[in-house]
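The values are calculated or read from the model by the stated rules, or taken from the named source; none is laboratory data. Only a predicted model underlies this, so the values are computations on that prediction, with no experimental measurement involved. Virtual Cβ from ideal backbone geometry, glycine too; neighbours counted across all protein chains shown.
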Amino acid sequence: MPAFALLAASLPLRVASLNLCSDEYLLLLADPGRVVSVSYLSQDAQESPLWRAARRYQGNRGSIEDVLALRPDLVLTMGGSGRASASLSGRLHIRSLDLREPASLADVVTNLRTVAAALGAPGRADPWVARLRALKASAPSQAVDAAWVSGGGQSLGADSLGAQWLRLAGYRQRPLQGARLTLETMITNPPKALIRSNYRSGQMSSGQRWLDNPIIRRAPSRQVVTDGRAWTCMGPLTITEIERLRRRDR
Amino acid sequence: MTPVLDVRGASIPARLRSTALRLDAGELVAVIGPNGGGKTSLLRGCSGIDGSAESITVAGEDLRAASPARRSHLLGYLPASRDAVWPISVRDVVALGLAVPDARRVDALISSLELESLAGRAVDRLSTGERARVLLARVLAPNPMVLLLDEPLSNLDPYWVLRLLGLLRGIADGGVAVAVALHDIERMTAFDRALLVDGGEIRADLSPSAMLAGREFARAFRIERAAAGWRLSSPAGRRSSP
Amino acid sequence: MKGAGALVGLALAAIAAAHLFLPLGPVLALHRSDPATAELLLTQLRLPSTLLALGYGAVLGMSGAALQAVFANPLASPDITGGSSGAALGAVLAAYWFEVSGPIALAACGGAGALVALALLLTLAGRNAAGATLLLAGLAISLAAGAATSLVLALAPSPFAFYDSFEWLMGSLVDRSLPQAATALVPAAFCCLLLLARSRALDLMALGEDVLASLGYRPRRIAIEVVALSAIAVGACVSVCGAIGFVGLIAPYAGRLVTRGHPGRALLPSAAIGGALLLLADLAVRFGPAGRTIPVGVLTTVAGTPLFVWIVVRMRARVAA
């Protein structure tokens, strides 16, 4: 890693990202001049709050092939597609950096620092890490019994990364069987707060129809709407979202 | 004498030219003609099933203005098709002919058509000849004043052909006007009157014996009476059509 | 007959009650601590599902019986004629592509889809088609509409749509609301009443269209009315619950056993049997393996296919006889 950083510092680096979640780090930390491609998902307003910035670049479909013509020096990936791309990149003499899917807030910090270092600008990560620390420091001591919910009743595991984010906003994700909120629970024992993801809420799906059920609409829970896009990856963009939730609750 | 059935201007496009028909009470009429000539169309047109008609009255009553229940008392139509799709019992099929249930009437019909042994069986499992009798019983059930029957004698055993002819004669004697489309011209002699239908119109309306000797008959069927039976008409023997 | 009818009604009520109250444990437990909420649980969560199972099943039974009477074919049913698949396609196109959101409009689109499918069937096979021709044409339309539905869902704006295809093609009664139940069942009830009014004509249709016409009915108009009413009723239900198969085939068959073969009289018994079947199927699904949802249509198909084969075999036997 240090040698890498040395190399990066001395040369103008062309960087591509092949995955929605690694796109986030790239778009937030890199100079626009260094980015050559992000995944097409980031360019979709329904998928990423950074879509405007993402559209300045060429979109790729998540494979090395799509970005070869752009001659990147570094390719960012995360999770599943990582391994294949990594071996391929090696053969093509392209540096590849596969980020680990974060399972905790600490993992998010690690990813931030790793990407910043790979870009040759480690200081870029500092503002984000500071904001996260500030959130942790000022998290309410009492957390409200809550459930995060998206289409079809899908919720979060009580120990998951999403639950940790929620805790920073003062909500404690209730443990639910199968991480799923049922209409029956909404009647018999509704959570004090319901954090509804508005991901693709304007588009028809049976999951959305579930959220329109009168039982949900009329539930006594305090209903808070959250930008669902941040919750797909639960990366640094979630910091912005949690700050917004906290301002709203004040 | 006012006719029981008075049809004026019945026509079916491409099948029946505008036709008038009058049947008197007690008449047993044979409707004959070559295949595709319009026998069925005549009966259908006169029943009001197909095509259009200026007027169809039964005993002075407008047939097509009558309710279904009333209509079944005025005119009964029996199609040539013997299809039965549903496993309905013979007894129930006969009862379908009655708007108001009448078990005694059904029993009477079952016995007169010798359907006792078949009464409980599903009609779709009977032979064609047996089905023919069941469907006839159905059309007879409401005692209609006019009967228009399309080939009721086909597929029947000789015993039943004769029995049915006797039955129909009895019904006609009771005041009903009966018209029967016949395929077997030999049977014509059992009737009072014969209509020859060809090319979508009634070509001749005569007594059966006159019909057999007539030239319209020979022209339509292209056969003529020989010493014992029939022979083909010679081309010279046929009057050429204009 | 009256006594038998009362018995059937009682049995149906018992099955519906079972569907509403089972599993009993949570309801009783809640009732002890909070009766008001227990009532809410029953009326807001369970009742719509029970009403839909009863009503949708009844619609399938009755429209199946009516379609079979009109097509003079024991294989005609909303699903085999392509009606249900057409309804699903209509509803899916409207909701996922044209962003039709009003439930009534969606129900109308479901009805329109069913109508188009049935009209296509009449054009392809003709009304008096032999059993096999009707079956083949109906299955072809059904398959085509099902594939088109999956395609529309795959290409829909929302990436979740594709995973909804199971629900649309195999049905679901889970987590439906009372307003949704009303959207499906009010038009369906209306259509069923109109169908019942034609029972006598459908009985007489067993004697053939010519006899029916000779009695002053209009066979073609009756056929069109039956097709339209069935399409609207089934379409409204499909727009809420998806397509559920085979109930419309089994229930009329059993209904005609009750009425000793009469196709028109079988409308009401078929409705009752259809309702009972769907309630039982949904109950079975509810007690299936925990955490796994088996779409209710899968169960009805698995149970109904043997009967379907049996009917086909018997039809062959009759033709050969």
Residue count for segment A:178-205, restricted to those that are over 24 Å from the mean Cα position of the chain (by Cα) and either over 20 Å from A:Gly157 (Cβ atoms) or not basic (Lys, Arg) (or both): 10
Expected single match for crowded, with 21+ Cβ neighbours inside 10 Å, within 12 Å of chain A (Cβ to nearest Cβ) and either more than 19 Å from C:Leu229 (Cα to Cα) or modelled with pLDDT under 90 (or both) among C:Ala53, C:Ala38, C:Ala95 is C:Ala95
Could you tell me which of the residues C:Ser158, C:Ser101, C:Ser165 is within 14 Å of chain A (Cβ to nearest Cβ), touching a helix residue (DSSP H, G or I) at 6+ places or on another chain (Cβ under 6 Å) and small (Gly, Ala, Ser)? C:Ser165
Go through segment C:195-211 and count every residue that is more than 9 Å from chain B (Cβ to nearest Cβ), under 25 Å from B:Ala132 (Cα atoms) and free of Cβ contacts under 8 Å to residues at least 40 places away in the same chain. 0
Which of the residues belonging to segment B:46-97 are more than 8 Å from chain C (Cβ to nearest Cβ), of a type in the set (Ser, Thr, Tyr) and either touching a helix residue (DSSP H, G or I) at 6+ places or on another chain (Cβ under 8 Å) or in a helix (DSSP H, G or I) (or both)? B:Thr57
Breaking point among (1) in a loop (DSSP other than H, G, I, E, B); (2) within 17 Å of A:Val15 (Cα to Cα), for A:Ala103: (2)
Hey, can you tell me all the residues within segment A:87-134 that are touching a Gly at 6+ places or on another chain (Cβ under 7 Å) and charged (D, E, K, R)? A:Asp98, A:Glu101
Got at least one residue in segment A:188-202 being outside the structural domain of A:Val115 (by TED's automatic domain parsing), crowded, with 22+ Cβ neighbours inside 10 Å, at negative phi and in a helix (DSSP H, G or I)? no
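For the structure I just gave you, tell me whether C:Gly216 is surrounded by 16 or more Cβ atoms within 10 Å (Cβ to Cβ), in a helix (DSSP H, G or I) and not aliphatic (A, V, I, L, M).
Numbers: surrounded by 16 or more Cβ atoms within 10 Å (Cβ to Cβ): yes; in a helix (DSSP H, G or I): no; not aliphatic (A, V, I, L, M): yes.
The answer is no for C:Gly216.
Using the structure shown, decide if C:Ser85 is within 24 Å of the chain's Cα centre (by Cα), assigned to a helix (DSSP H, G or I), in contact (Cβ under 8 Å) with a residue 40 or more places away in the chain and under 29 Å from C:Val226 (Cα atoms). Let's see the steps before the verdict.
On the way: within 24 Å of the chain's Cα centre (by Cα): yes; assigned to a helix (DSSP H, G or I): yes; in contact (Cβ under 8 Å) with a residue 40 or more places away in the chain: yes; under 29 Å from C:Val226 (Cα atoms): yes.
When the stated conditions are applied, C:Ser85 passes them.
I'd like to verify a number: residues in segment A:131-173 that are away from chain C (no Cβ under 14 Å) and β-branched (Val, Ile, Thr), how many?
Of segment A:131-173, the ones away from chain C (no Cβ under 14 Å) are A:131-148, A:155-173.
Filter again for β-branched (Val, Ile, Thr), leaving A:144.
Residues meeting the conditions: 1.
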Among A:Gly123, A:Gly152, which is in a helix (DSSP H, G or I) and not assigned by TED's automatic domain parsing to the domain that holds A:Val75? A:Gly152
Could you tell me which numbered condition C:Ile104 fails, if it satisfies all but one of (1) at pLDDT 90 or above; (2) touching a Ser or Thr at 6+ places or on another chain (Cβ under 9 Å); (3) within 21 Å of A:Leu211 (Cα to Cα); (4) buried (at least 17 other Cβ atoms within 10 Å of the Cβ)? (4)
Within segment C:238-285, tally of residues that are more than 13 Å from the chain's Cα centre (by Cα), outside any helix (DSSP H, G or I) and of a type in the set (Gly, Ala, Ser): 3
Do we find that A:Asp145 is in contact (Cβ under 8 Å) with a residue 24 or more places away in the chain, more than 25 Å from A:Thr77 (Cβ to Cβ), surrounded by fewer than 17 Cβ atoms within 10 Å (Cβ to Cβ) and not aromatic (Phe, Trp, Tyr) in this structure? yes
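Considering only residues that are under 20 Å from C:Val312 (Cα atoms), of a type outside the set (D, E, K, R) and touching a residue at least 24 places away in the same chain (Cβ under 8 Å), which ones fall in segment C:102-128? Don't jump to the end; show me each part of the working.
Taking segment C:102-128 and keeping what is under 20 Å from C:Val312 (Cα atoms), we get C:121, C:125-128.
Then keep just the ones that are of a type outside the set (D, E, K, R); that gives C:121, C:125-126, C:128.
C:Leu121, C:Asn128, listed by residue number.
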